[in-house]
Structures are given as structure tokens and as C-alpha cells.
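Since the structure comes first, as C-alpha cells, the remarks are kept for the end.
Values in this text are rule-based calculations from the coordinates and carry no lab data. Since the model is a prediction, treat every value here as computed from it, not as a measurement. Backbone-built Cβ (ideal geometry, glycine too); neighbour counts: all protein chains shown.
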Amino acid sequence: MDKKFEMNRRSLLKGSAAAATIATVGADQLLNYATAWAQAAPWKPEKGAKINVLRWRRFVEAEDAAFMKMVEAFQKATGVTVNISNESFDDIQPKASVAANTGQGLDMVWGLYSLPHLFPEKCLDVTDVANYLGKKYGGWFPAAEAYGKSKGKWIGIPVATTGGLMNYRISAMEKAGFKEFPKDTAGFLELVKALKKNNTPAGMALGHASGDANTWLHWALWTFGGNLVDKNDKVVINSPETAASLEYVKQLYDNFIPGTASWNDSSNNKAFVAGDLYLTLNGISIYVTAKKSAPQIAEDMNHAYLPIGPVGKPTELHLAFPILTFNFTKAPQACKAFAAFMQEAENFNPWISAAQGYLSHFLAAYDNNPIWTADPKNTVYRDVAKRTLTPAGQGSLGEKAAAAIADFIVVDMFANYCTGREDVKGAIKIAERQAQRIYR
Amino acid sequence: MSTVEETAEVSRSGEPSLWSRLKTNRNWLAIWFMLPAAIFLILFLAWPLILGIWLSFTDARLARPGQFVGFENYEWLWDDSIFWLSVFNTLLYTIVASAIKFAVGLYLALLLNRHMPFKAIIRSVVLIPFIVPTVLSAIAFWWIYDAQFSIISWSLRQMGLIQENINFLGDGNWARGSLIFANIWRGVPFVAITLLAGLQTVSPSLYEAATLDGASAWQRFRYVTYPLLTPIIAVVMTFSVLFTFTDFQLIWAMTRGGPVNATHLMATLSYQRGILSGRLGEGAAIATAMIPFLLAAIMISWFGLQRRKWQHGEGND
């Protein structure tokens, strides 16, 4: 790391010590940096450019504050007017799709998962931005390329990912007879069973929870070697491996807290912080909330990677946030400049610090951000972008994979079997039929 | 032909031209006056409908125009168990909820029609569920039905009646029942207040006459109130059925069609497949499949309204 980065680290450390709110890198300092950056940057924004940016609505308040600070500095330094609008996770995609369809309204969308791949031909080629950032900050993790590239071109810039990892209560795990969190699926099942016996149950969403349910059920499918499609996008869900993962998840489900079939993305957060739930899959947001509202729970909880099953390697799926620029924008240079500016160290470091672990980076250099080591309970979230696969699994990430995940094919397959609506064969058949329709 | 020659001559000789006749002719004038309304209706009602039906015959996806594929979407849906489940759910939801809404609404209307203290206040209180934005009431119900924090489960547990929380939204049948209950809660005021308005138009002299003739309370209802109320009932129930059939917000805010599609209505499934999953053609096909059901509901009340028997009771054709 060069000297500039070191300096920044120090100011950061001070900031994060001051409070977990915003790393208070002075606003002037940021503006000075932004002005210098704007002069040196390879992208010269169009005169009087106005760009409309849609982003997902924040979960961690300080993250949003840091983001808006950065936007402010960018506006002042470049003269570009940036309109930021927020939408909830579920509404981002419909809005972006309408913009793509009508060719107006938005210039950039910061969305989730494979959003740019839903309409790759409407996305501006941002290969230059990706190369610039990759070269400057230690290179992209492999998942970043999978998320950002289509047919050799970058159609979106992966900004960050939010990890879905194991959240557990330390005391409950120890009482269940485990000194450390199990690393394999067999041990994990034992833990879940023991937790149920001790009346300190585990629970993970089997409802239509876009984040939580998709994340852990894809993990379960993949870790037993099951896949929706193979490398050539051929539907291969009907396999003994899929059946094995169904049986495994059924055993987990039978030992879960009741009601997980109706859970949405916030259900487990509420139950965990209320002290009714002792093990679940989630982002770091439970911990962040608990530190404020339930310190005794924050004290007693920790995070772990997802266990590894028969395939012998991590098969996690985390929620990525790529930012795309529409090719019909009137200010492509301004958009590119903004996308690059977001991930410059001077912006990105305070920003992910403010996010308190909720946002993990795709660029190798940011492994050094102190947020990951300041609190050892944050550390596992540092690696999620390194460990994540894409929603496509082995197949190609594109509109088909995006459609399959939006239609909850895998989630419903597991829920069908676990809730007893279908037997193993029936559940797989339904999923296979739906997948074949999408992947025709 | 002579007429053609005549008109040609007329315009040549300075008589009213075609344009001025179009401006002044009474029949044409009528068309001109209707045109704005017609354009409005075509642009905002008929055109989207036609476009939706057209989309259902294509394989259009979000942000990409589709190819005409004939009935392919419908053929696929015909064999799709989730689609048929959603049809079943929609019918169950509509029939059960509408029937109960009618019964409870009528009962409430009859109660409110009596003379009692604080009549005006009570009548406005009844409207509250209808006034609260749907999404808000849905979120309130979502908490009431929560798997862990349900107030109902909690109360029953405190009373020692149950050991474990009721799985309101996690079990298919419980979820259906819970949603139907929420819909009834929301829909009853509309039925009740509209029927009440109808009741108030019934002349008290009819009741007096019936009472003098020795009619019992039931007979007064059956032979005076009910026949006079039928037109209103037909209108109210048409609206009620339409609203229930196309309900979206309640379901979406509470279950998203889960658990395992047990509460997917055609409207929610159409949204999930058409917008979220990006398959506009298939989503449009599901939406189009709702039209026959809606038409049937409208027809029933339409022909009901035309029939004097319905309006004035039997034996009064």
C-alpha cells in the first residue's frame, strides 16, 4: 500500500474509534480530494450533466450518510448534479426494468444480484472503469468478473456484496456440546438438532425471502453437488445430489423453530434480537442492531462461514450489489466518473467502515480496511466476496439465471418437500419443469 | 349517379362544404362531443387491455420485445400446477371472503339502520378498516400473524390453551384462512355502508303497512327490505367480488404468495412471473386468464340488474 493509503488508514482508525457512526474524515478533506481527483481522472463529465441514480434503500443508517457525503463531494468537485433516489430491494428491479424498456428516467442503477444481466444490451460498456479500478486496487475477485462481465465486456461495476453467514449465540452452541462452530454439514445438523433439544432453536427462512432464503438454500443445493443447470445451461436439477440435499434440508427444517416457511427477510432478525432464535443465516445487520438495542445478545453472538458438504469446497451465495449505467444516458462520462469515484480508497474506506461490515468489497486491496479486524466478529464478512458464487451456479449469469432466482424455483423446491406438500420426486419435477421453461 | 353530381355541384356553387357540414350536422356533432371521452377510454382502458392480451401471445421479456408464439404461454400454464393452484386459491379466496363479507355487511347495515345513540359516530367508526391504507393494515395483520410474536398466539399461550405458537402464515391452510380473515375485516365496511345507504331509501311507510298487516320481523325483512335492496346488493357484490378477485396488496405484504405458493392468487403470480422474473408474456397470460372470471362476475350482476324479478321481488314481472 502506498503512503496515501496509510494516512487514510490512520484517520480511519481515529474515526471508527470515535464512534461506530461515520468515520469523520473531514468534509473539506474529502472535497479537496474530490477536486484533485476530478482533475486527474480519465473521465471528463459532460458540462452541466445531470444524472439520476437509483439505489437500494439502506439498512445501516451510517452507510447511507457516508454515501451521501461522497455524492456531495462528487457534485461539488465535478459540477455534475446527481439525483439519488432510494427504493426497497424488491422495487429496484421493476423500476430499472421500466427504465430499460422506455429508455428514460434513470441513468444509473445500483441494484442487486445479476440486475445488469437482465438487459445486457441496455448497459453501457464500462470496461475502462473496471480495468482502472482493478489495476489500482489489487485486482477483482473472481466473483466480481462473473457479476460484472457479459460476453467479455463489463456491463456493471460490482460495488460491494453483503454476506449471508451463520449468526449464532455462543452460549447456546457451547451448551449444545460444540466448542467451535461446525465446519461440515454433518456437524451442522448435529448442532441444529442439539439446539432444538435444548429449546434454543435454529431457524432459516423457507418463504419467499429474496435474500435469506435464496442464499442458504442455494448453498444447501450446491454443497451436496446439486445444480439447477450445468456449465452449458442445461437443466440438471433432477439428480441424486439434489435429492440428498432435499433430505438434508428436511432434517434441518424439522429441527427449526416453527414458522420458517412463512419467514421473509426480516423475520429472523426480529426473532434473533428478541432472544427467541439462536442460530440463523444473515448479514451482519443483526449484530449491528444488537450492539445498540440488545448488548447482552451482541456480546453472546458470533459469526461463521457456512459449513462445507460433500463437494468439499465453499458454496456460498452472497448478495452482490453491482451498479450499472444505461447506454441511453446523456452523460456517459459523468456516470463512469461516478462509478469509479465510488470505489476510490478515499471514499470507499470510510464508506465500508460506516457500513460496519454490511458491505464487503470486491477489490483485493480493501482486505486491509480496519473494519474487518477492529472487531474479530466482523472478520468472516471480509471474505464473502471471495467465497461467493453467483445465482447462476455453474451456468452463465444472464437473464435466465436472473429469472430463475426471481421465480424462487430452488426455494420453492425445498419448501415443497420440507412442508410435506410434495415428495422428493415431485418437488424436483416441479422445479425441473419450471427451469426447463426458463432455460429453453 | 345523380346524387354524386348533385353534391359536387353544391360544393362548387358555394353551398356548405363537407367540412362545414361535419361541423354543423347534428349526428356528426354528437360524435364530436363523444370523441374526447371515447379517446380517453380507448387510450387508458381499452388499449392497455388489448396490449396485455397481445403480450400474452408473445414471449416478451422485460426490456426486450417478444416474438408472437400463439398459445404457447397458455399451453404451458395449462400444465402448470402452480398456476392451477393460484386459480383455486383465487376462487376460494373470492367466494369465501365475498360470501362472509356480504353476510356480515348486511347484518351490520341492519344494525346500523336502527335508531340508537351516537349513530353518526358509530357509523363512521365502522368505516375505519376501509379507510386505513391497505398496506398498513396488511402490515398490522402480518404482526398479528407473526410466527414468533403473534399477539393471538401469545394470548392463548398465556391462558394456557396452547403450548406452541400457531403457525398462522407458515401452514398452507392457516395462511389461507388468515388472509381471508384480513380481507373480510377490510372489506366489510364497504358492503355495510353501501347497504346501509340502500336501506335508508326504503320508505318507513312500507314497514308501517307491513306491521299493520301483522308481518313478523323476518317477514318484513324478507318481503319488504330484501326485494327493495336487491339492486344495491347486485352492485355492491359485483364490486366486492371484483376487488377481492384482484386483491394484491394484502397478499403481497403478508405472504408473497407463500408458504410454497399456498396463497398465490392469480394477480400475485402474474406479478411474480411477469415483473420480478421478467417474463412479461407469461405474466400477461396469467392476467388475461383472469378476464373470463371477471366477465362472468360482471355478467351475473348485469343481467341481474336488468331483471325486474331481481329488482322487485318474485311475481312482479
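Averaged over the residues of A:421-433, the number of partner chain Cβ atoms lying within 10 Å of the residue Cβ comes to 2.
The residue among A:Ile284, B:Trp78, B:Ile121 whose Cα reaches farthest toward the positive pole of the charge dipole of the protein assembly as shown, with charges on the beta-carbon of Lys, Arg, Asp and Glu, is B:Ile121.
This ranking places A:His117, B:His115 by how few other beta-carbon atoms lie within 10 Å of each, fewest first, which gives B:His115, A:His117. Looking at segment A:153-235, the GluC sites (Glu not before Pro) that sit in a DSSP loop and have at most 16 other Cβ atoms within 10 Å of their own Cβ are A:Glu180.
Which one of B:Gly214, A:Asn369, A:Ser262 has its Cα pushed farthest toward the positive end of the charge dipole of the protein assembly as shown, where Lys and Arg give +1 and Asp and Glu give -1 at the Cβ? The residue sitting most towards the positive pole is A:Asn369. Return a whole-number percent for the relative contact order of chain B, with Cα pairs under 8 Å and 6 or more residues apart as the contact set. The normalised contact order for chain B reaches 25 percent. Would you work out if segment B:19-135 is rounded, prolate or oblate? Take a ≥ b ≥ c from the square roots of the eigenvalues of the alpha-carbon gyration tensor; rounded if a/c is under 1.5, else prolate when a/b is larger than b/c, oblate otherwise. Oblate, since a/c reaches 1.5 and b/c is not below a/b. Given R₀ = 45 Å, what would the calculated FRET efficiency be for A:Asp91 paired with B:Ala38, taking r from the Cβ atoms and rounding to 0.05? E(calc), rounded to 0.05, equals 0.80. Debye-formula intensities of segment B:146-193, expressed as log10 I(q)/I(0) at q = 0.15, 0.19 Å⁻¹, are -0.49, -0.68 (one equal scatterer per alpha-carbon, no solvent). Rank B:Tyr223, B:Tyr107, B:Tyr93 by mean-square fluctuation in a GNM of chain B with C-alpha springs under 10 angstrom and give only the top-ranked residue. Residue with maximal mean-square fluctuation among B:Tyr223, B:Tyr107, B:Tyr93: B:Tyr223.
Counted over chain A, the DSSP beta bridges are approximately 60% antiparallel.
Footprinting exposure proxy ranking of B:Met266, B:Met290, B:Met159, fewest other C-beta atoms within 10 angstrom first, gives B:Met159, B:Met290, B:Met266. For chain A, calculate the relative contact order in percent as a whole number, restricting contacts to Cα pairs under 8 Å that are 6 or more residues apart. Relative contact order of chain A: 26 percent. For segment B:225-307, the relative contact order is 27 percent, taking Cα pairs closer than 8 Å that sit 6 or more residues apart in sequence and dividing their mean separation by the residue count.
Inter-chain neighbour count for A:96-103: the average number of beta-carbon atoms from partner chains within 10 Å of each residue's beta-carbon is 3.
Taking segment A:160-283, how much of its Cα-Cα pair set, in percent, is spaced more than 23 angstrom apart? The answer is 32 percent, as a whole percent.
Working from label points 7 Å from Cα in the Cα-to-Cβ sense, the B:Trp302 to B:Ser81 distance is 3.8 nm. If you run the Gaussian network model on chain A, springs between alpha carbon atoms under 10 Å, then out of A:Ala337, A:Ala354, A:Ala202 the most flexible one is A:Ala337. The residues A:Val159, A:Val235, B:Val69, when put in order of fewest to most other Cβ atoms within 10 Å, stand as B:Val69, A:Val235, A:Val159.
A Förster distance of 25 Å, applied to the separation of the beta-carbon atoms of B:Leu161 and A:Asn199, puts the FRET efficiency at 0.80.
Averaging the Cα positions of each part gives two centres, and for segment A:110-153 and segment B:104-122 these lie 64 Å apart. Return the FRET efficiency for the residue pair A:Lys313, B:Arg114: r is the Cβ-Cβ distance, R0 is 60 Å, and the value is rounded to the nearest 0.05. Using R0 = 60 Å, I get an efficiency of 0.20.
Among the DSSP helices (H) of chain B, those spanning at least 30 angstrom by Cα along their long axis with an average Kyte-Doolittle hydropathy of -1.0 or more are B:81-112, B:172-200, B:280-306; this is a geometric and hydropathy rule only. Simple spin-label estimate for A:Glu72 and A:Glu174 gives 4.4 nm between the two label positions (7 Å along the Cα-to-Cβ direction from each Cα). Counting only other chain Cβ atoms within 10 Å of each residue's Cβ, the peptide B:145-153 averages 5. Could you tell me which of rounded, prolate or oblate describes chain A, using a ≥ b ≥ c as the square roots of the eigenvalues of the alpha-carbon gyration tensor, with rounded for a/c under 1.5 and, failing that, prolate when a/b is larger than b/c and oblate otherwise? Taking the square roots of the gyration eigenvalues as a ≥ b ≥ c, chain A is oblate.
Indicate, rounded to the nearest 5 percent, the antiparallel portion of the DSSP beta bridges found entirely in the protein assembly as shown. Beta bridges within the protein assembly as shown, antiparallel portion: roughly 60 percent. Sequence neighbours fewer than 8 away in the same chain don't count; with that in mind, list the lysines whose C-alpha is under 27 Å from A:Lys234. Within reach: A:Lys122, A:Lys149, A:Lys151, A:Lys153, A:Lys250, A:Lys313, A:Lys386, A:Lys400, A:Lys425, A:Lys429. Using 0.36 nm per residue and subtracting the Cα-Cα separation, the extra length available between B:Arg123 and B:Phe88 on full extension is 9.1 nm.
Could you calculate, for chain B, the ratio of the Cα radius of gyration to the Kirkwood radius, expressed as Rg to Rh? That ratio is 1.12, to two decimals.
Distance between the pseudo-spin-label points of B:Ile53 and A:Arg58 (7 Å out from Cα toward the beta carbon): 5.0 nm. Label 7 Å along Cα→Cβ of A:Lys50; segment A:94-116 residues with amide nitrogen under 15 Å? Those under the cut-off are A:104-108. Here, segment B:242-301 is characterised by an Rg to Rh ratio of 1.01, where Rg is the alpha-carbon radius of gyration and Rh the Kirkwood radius. Annotation: lysines with alpha-carbon distance below 18 angstrom to A:Lys179 (same-chain offsets under eight excluded): A:Lys193, A:Lys196, A:Lys197, A:Lys377.
Taking 0.36 nm per residue of sequence separation and removing the Cα-Cα distance, the A:Asp367/A:Lys183 pair yields an extension gain of 63.9 nm. Candidates B:Leu294, A:Ser396, B:Ser153 compared by Cα position along the dipole of the protein assembly as shown: farthest toward the positive end lies B:Ser153, with charges placed on Cβ. The orientation-averaged shadow of the Cα convex hull for the protein assembly as shown, equal to a quarter of the hull surface, comes to 47.0 nm².
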